[in-house]
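S.K.: Pasting a structure here, questions to come.
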Amino acid sequence: MRLLILTISLFTASSLLAQNGDIIKGNRFYKDSAFDKAEESYRKSLSKKPTAAAQYNLGNTLYQKQKTEQAIEQYDATINGSTDAEVKAKALYNKGVVHHRNNKLDEAIAAYKEALRLTPNDAEIRKNLQLALQNKNQKNPPPKPKEQKKKEQKPKEEKKKPPPPPKLSKKQAEQYLKSLAEKERQLQEKMQKKVGVPSQPDKDW
């Protein structure tokens with residue numbers, strides 16, 4: 001994104017050219033990157049007679065010196081003070097560039113749009129407007145559709161199993177088996193006493 005410099009050639013009146021020798025000097029200093037001298041020349045011109053050319057190019061110079069807020073003030077002065085649509089469009093464009101580089105995308109987009117209304121065939125302005133819109137979309141992507149919360153499924157409660165029997169030592173196991181054998185023997189004895197020996201059937205006579 002480059003700034004557009006407004007030269008004195010935009011103003012064709014010869015009397016105006018004569019009065020603004022300081023702007024011509026300022027433009028030379030500007031092109032040589034001697035921004036302190038350029039600022040001095042433009043301010044000198046403004047002290048004699050405020051013109052859109054001096055305000056606009058002073059804005060460019062202040063921007064190069066990283067004085068962005070002061071630069072925007074000069075662009076606004078150009079926009080409000082000039083009746084030339086092309087001059088207004090260039091000031092709006094440069095204002096947009098400053099906001100764009102400062103990541104103030106809404107302000108940059110607004111300035112580019114206004115500049116494009118004044119000069120609808122300007123490809124440079126259109127290009128920067130599209131770039132600012134793309135940057136804004138990347139910075140603020142559309143919200144994703146809300147995902148439905150999955151119902152948390154509680155695990156089924158497992159049936160409680162009886163605790164396993166305690167393990168017996170070898171000695172305890174032998175005693176347990178002897179106890180069972182003794183109970184079995186006693187049970188058999190009781191059964192035999194109840195049943196007894198079957199009697200012989202009587203003979204038929």
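The values are calculated or read from the model by the stated rules, or taken from the named source; none is laboratory data. Note that the structure is predicted; figures quoted are calculated from it, not measured. All Cβ positions, even for glycine, are placed from backbone atoms using ideal geometry, and neighbour counts span all protein chains on display.
S.K.: Which condition number in (1) closer than 21 Å to Leu58 by Cβ; (2) modelled with pLDDT of 95 or more is the one that Lys113 fails?
M.R.: (1)
S.K.: Of the numbered conditions (1) within 22 Å of Lys65 (Cα to Cα); (2) surrounded by fewer than 19 Cβ atoms within 10 Å (Cβ to Cβ), Tyr93 fails exactly one; give the number of that condition.
M.R.: Just one mismatch for Tyr93, condition (2).
S.K.: Output the qualifying pairs, or none if there are none: Cβ atoms under 9 angstrom, residues six or more apart or on different chains, first residue in the stretch 34-55 and farther than 19 Å from Thr83 by Cα, second residue outside any helix (DSSP H, G or I).
M.R.: Cβ pairs passing all conditions: Phe35/Lys65; Asp36/Lys65; Ala38/Asp32; Glu39/Lys65; Ser45/Asn20; Ser45/Thr51; Lys48/Asn20.
S.K.: Right, next: Given the options Glu107, Glu73, Glu124, name the one that is charged (D, E, K, R), closer than 28 Å to Ser33 by Cβ and touching a His at 6+ places or on another chain (Cβ under 9 Å).
M.R.: Glu107
S.K.: Okay, moving on. Could you give every pair whose Cβ atoms fall below 7 Å, whose first residue belongs to the stretch 75-87 and is closer than 15 Å to Lys49 by Cβ, and whose second residue is basic (Lys, Arg), counting only separations of at least 6 or pairs across chains?
M.R.: Going by the 7 Å Cβ cut-off, the qualifying pairs are Ser82/Lys88.
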